[in-house]
Amino acid sequence: MSHSALTALFQQLAIHCRQYQHPPLATCSEADALGLSRAGLRTKNLFLRNDNGKRHFLLVTSPECSVDLKRLSKQMQVSRLGFASAERLDKYLGVQPGHVSLLALGHPHATDVELWIDRALWNGQGLQCHPMDNQHTWVVPAAAVEQLLCHWQRRWQVIDVPVAE
């Protein structure tokens, strides 16, 4: 799904969000370096896979969260979580590293990706998301995220993310 297709879908579903344009931001630290001020909650998006690569997950958490993947694997009953490759990211979400957000779940192959959202982010405020392009940030309200996920028929869970000690 392209940026323009996502824009059209938001119009079709009557979803309103704040939109920002900025220099390309591949990481949260790049946004910090520019001193950008945007509404909503900042997010870190981790594309993960299980041990044999048959299951894929998008974990949306806070940039400050240092995720304990071993504990998360045990908590979610998934064998040995690890980071998925750039090739898998392109195949399942249709994006390159640095462009990942939950808005990529509109990609046709994303039906095989499970979404985990950190409970700490799920408080009704908008989530900052790249709309398939890391030169833009959209602040999408939680209710609109639910609406999109239902429209796309995607699996998702709000979870407590274990933090590395």
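The values are calculated or read from the model by the stated rules, or taken from the named source; none is laboratory data. Just so we're clear, the structure is a prediction, and the values are computed from it rather than from any experiment. With ideal geometry, Cβ positions are generated from the backbone for all residues, glycine too; neighbour counts draw on all protein chains shown. Areas reflect the complete protein model, heavy atoms only, side chains present, ligands, DNA and RNA absent. Shrake-Rupley method; radii C 1.70, N 1.55, O 1.52, S 1.80 Å.
Details
- Here the stretch 117-165 is assigned +1 on the Cβ of each Lys and Arg and -1 on the Cβ of each Asp and Glu. Its dipole about the Cα centre then comes out at about 180 debye.
- Of all accessible heavy-atom area on the chain, the percent that carbon and sulfur account for (1.4 Å): 48 percent
- Sequence-separation-based contact order of the chain, relative, with Cα cut under 8 Å and 6+ spacing, percent: 30 percent
- Relative protection proxy for 108-118, 5-15, from highest mean packing down: 108-118, 5-15 (other beta-carbon atoms within 10 angstrom).
- Under 19 Å between alpha carbons - lysine pairs in the chain that sit 8 or more apart or on different chains: 4
- With the charge dipole of the chain set up from +1 on Lys and Arg Cβ and -1 on Asp and Glu Cβ about the Cα centre, the Cα lying farthest toward the positive end among the listed residues GLN11, LEU93, VAL78 is that of VAL78.
- Calculated FRET efficiency for the pair HIS109/GLN77, C-beta based, R₀ 30 Å, to 0.05: 0.80
- A simple charge model with +1 on the Cβ of Lys and Arg, -1 on the Cβ of Asp and Glu and nothing else charged puts the dipole of the stretch 1-156 at about 440 debye relative to its Cα centre.
- Note on GLN96 and THR27: their simple-model spin labels are 1.7 nm apart, each label 7 Å out from Cα toward Cβ.
- Loop trypsin sites (Lys or Arg not before Pro), the stretch 1-82, which have at most 12 other Cβ atoms in a 10 Å radius of their Cβ (DSSP): LYS54, ARG80
- Taking all protein chains together, GLU64, GLU146 sort by accessible area into GLU64, GLU146, largest first [probe 1.4 Å].
- For the chain, calculated [θ]222 nm from helices alone, where every DSSP H run of n ≥ 4 adds -39500 (n - 2.57): -7500 deg cm²/dmol
- Between 0 and 90°, nearest 10: helix 3-12 axis offset from the chain longest Cα axis: 70 degrees
- Residue-normalised accessible area of the stretch 1-109, given per residue in Å² at a 1.4 Å probe: 54 Å²
- Calculated log₁₀ intensity ratio I(q)/I(0) where the Debye formula runs over C-alpha points of the chain, q = 0.19 Å⁻¹: -1.32
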